[in-house]
1. Suppose we filter 109, 116 for residues that are assigned to a helix (DSSP H, G or I), out of contact with any helix residue (DSSP H, G or I) (no Cβ under 6 Å at 6 or more places or on another chain), closer than 22 Å to residue 18 by Cβ and at pLDDT 95 or above; which single one remains?
2. Output yes when any residue across region 58-67 is at pLDDT below 95, part of a loop (DSSP other than H, G, I, E, B) and over 20 Å from residue 99 (Cα atoms), and no when none is.
3. For region 27-45, name all the residues that are part of a helix (DSSP H, G or I), surrounded by fewer than 22 Cβ atoms within 10 Å (Cβ to Cβ) and either in contact with a strand residue (DSSP E or B) (Cβ under 8 Å, 6 or more places away or on another chain) or free of Cβ contacts under 8 Å to residues at least 40 places away in the same chain (or both).
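The values are calculated or read from the model by the stated rules, or taken from the named source; none is laboratory data. All values reported here derive from a predicted model rather than from experimental measurement. In this analysis, Cβ positions are derived from the backbone assuming ideal geometry, glycine residues included, and neighbour counts consider all displayed protein chains.
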């Protein structure tokens, strides 16, 4: 699964300058893919819905695999948060529930903004 998440970006021939940029790209990918899944549910396109939800889940799996647990409790918190998002994606897939996708989108938007704010502070220092 993790190679699926990575291939979503490598096929665009984007050179990754840093792990911070990769994390931002992964969050942005979640936003795009979950939005596509939501649109597919609205259009009653079950095949595309499953495709986009699987892509989104693969990114969360990659994020879980990249956590550094030596850095403190934040990695444990994020792991639980990412696992919860995967559960919501599974429920959205099973029940065609766009509200579950809305939850994933909202959490990811907050994570992306927090990550941007954190990396902006690091750059300023």
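1. Just one listed residue meets the conditions, 109.
2. For region 58-67, residues at pLDDT below 95, part of a loop (DSSP other than H, G, I, E, B) and over 20 Å from residue 99 (Cα atoms): present.
3. 29, 32, 36, 39, 40
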